[in-house]
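Below is one structure, written out as structure tokens; the observations come after it.
The values are calculated or read from the model by the stated rules, or taken from the named source; none is laboratory data. Given the structure is predicted, the values throughout are model-derived calculations rather than measurements. Counting neighbours? That spans all protein chains shown, and the Cβs are built from the backbone with ideal geometry, glycine included. Only protein heavy atoms, including side chains, enter the accessible area calculation; ligands, DNA and RNA are left aside. Shrake-Rupley method; radii C 1.70, N 1.55, O 1.52, S 1.80 Å.
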Amino acid sequence: MRRPFLRPETIVQILTIFALLAIWEGVARATADRFVLAAPSDIAAYVADNAPLLWRALGTTSLAAAQGFFWGNLAGFALALAAVLMPRTERVLATLGLLVFCLPLVATGPILRVLYGPGNGPQVTLAALAVFYTTFLPALVGLRAAPRDWFDLVRSYGHGRLMVLGQVRLPASIPYLAAGLQIAAPAALLGAMVGEFTGAEPGLGVLTIRAMRALDLSATWSIAVIAAGVSVLAFYAVGAVGRWLELSPPSVLLAPPVDRRPSIWQSGAPILALIIALALWQGLMDLFDLSPFFAKRPGDVWTYLFADPASAKHRAILASAFLQTMTSALPGYIAGLGLGAGLAALLTLAPRISAVSMPIAVALRSIPIVATAPLIVWALGRGTTGTVAVVAVMIFFPTLVACLHGLARTPRPILDMFASYNAGPMRCLFNAQLPAMLPAFFASARMAIPAAILAVTTAEWLATGRGLGALMATTASTSDYGMLWSAIALIGLAAIFAHEAVAVVERAVLKRTSAEQLAA
């Protein structure tokens, strides 16, 4: 019997795409006076008229994104390996990685441009910074997601940690690593585009800035669609490689519940990481003999905020901007996590709707935030609602991907046991699949902290003109580097506090449901 040329799922996806394009065209025509949507026909016309310019820019940006993708993911996986092989260093490494990942692109971009000068150095560096933490956390979860009896078997033959790593941990980490790499693909393009905002000549980021300044709606949407298309292709390519390498779900992840409290070393790890970060900050500035005018040291920030005659004014400005940013970041963070985990559970119960929903979700996330932030704010207004929506969109898709991979790692014997008792899909979901998803969910919750910071500061920078994002953009352009570095330091401290709050909840939950994640 001949196989059909197109599978039913593929036909549904094609019909869905055409239906969405038709709806998009109709809505854009009906709301043309609101200057929010560009019609697909207008986008196609713009791309056809400016094809050589767009393709050259795409090539430049894609090359920088690919280089950053490689180096950032390599650093993230190496950091995860170090944390597993030296478990006592995990919290210090994770906190240092978080601090680096939380460096706002709107602030680090101009600084990197001063350091690198002309060339693609800032683009590659920002692309690497945008992806390494999204690989580090899933890889860390995957390196631990193996049954306890596998470790015991390898050790019973007298093998040490390196053999356990090669024979047990690395194979177990492949599905989680694939999820991290899929999430990283759009992020690398975003980092490269932001790097182009800082003074590069070619690239999609440069064209985006020009289009937004000229209020050229067709150009803005055309660049966004091209960037989304490249990101979607990269997302599915990484996913295909992951499926080709992926092993079947583990048998059963057996590990005794963990009731012990964190050691003094673990409790003090964030403080130690902060001390190391301050030392590295000071040391690198002095090593490269960077000018104190723009490369502020920790002591300069302290003076600016607490010893300067105008320090009270500086603190008031910083506190007001920080409060505005957190008012949008926290609701968006919670909404994005809830939507991502909720849709993952829904797709597990009704997998057929994934043929329609997943392409839409991928497309929404694959449009770089530097392009979507102004459009969302234009549509929903420059108040809190628009910024909250930007944050939720930024967090939603990585959470969805991570949770879907976590749900898929439910051990097959557990599912078979529920089936043998004729348990319904809802009972199986709540009692088996959701507990298996929790390590991936908490990894995504930790990844979402810097993602929320990136989203809210980008929206404030490009669209709303308020909060820390706008403050950092203004101070960078006016050379008020004391305020710029103070804002960066405040964001880092807030990220550490939020990360530790999530870690407390994570440990309380996983010590009962996924104790292998907490085993040294």
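For region 236-244, putting each phi into the Karplus relation 6.51 cos²θ - 1.76 cosθ + 1.60 with θ = phi - 60° gives couplings of 6, 5, 5, x, 5, 5, x, 5, 5 Hz, in residue order, rounded to whole numbers and with x for Gly and Pro. To the nearest 10, the accessible area of GLU500 is 40 Å² with a 1.4 Å probe. Spin-label model, SER41/ALA312: points 7 Å from Cα along the beta carbon direction are separated by 6.3 nm. Taking every pair of distinct Cα atoms and averaging 1/r, then inverting, what Kirkwood hydrodynamic radius in Å comes out for region 183-240? Result for region 183-240 stands at 11.9 Å.
Scalar couplings 3J(HN,Hα) for region 411-425, obtained by applying the Karplus form with A = 6.51, B = -1.76, C = 1.60 to θ = phi - 60°, are x, 4, x, 5, 5, 5, 5, 5, 5, 5, 9, 6, 6, x, x Hz; x denotes Gly and Pro. For region 398-495, the per residue solvent-accessible surface stands at 34 Å², with DNA, RNA and ligands left out and a 1.4 Å probe. Taken one residue at a time, the phi angles of region 172-185 give Karplus couplings (6.51, -1.76, 1.60, θ = phi - 60°) of 5, 7, 4, x, 5, 5, 4, 4, x, 5, 5, 5, 6, 4 Hz. Gly and Pro are set to x. The Cα-based radius of gyration and maximum Cα-Cα distance (Dmax) for region 403-495 are 22.0, 68 Å. Provide the FRET efficiency to the nearest 0.05 for the GLN282-THR384 pair, computing r from the beta carbons and using R0 = 45 Å. After rounding, the FRET efficiency stands at 0.75. Modelled label positions at ILE14 and ILE334, each set 7 Å beyond Cα in the direction of Cβ, lie 4.5 nm from each other.
Which FRET efficiency value, to the nearest 0.05, do you get for PHE430 and VAL502 by plugging their Cβ-Cβ distance into 1/(1 + (r/R0)^6) with R0 = 35 Å? Approximately 0.95, to the nearest 0.05.
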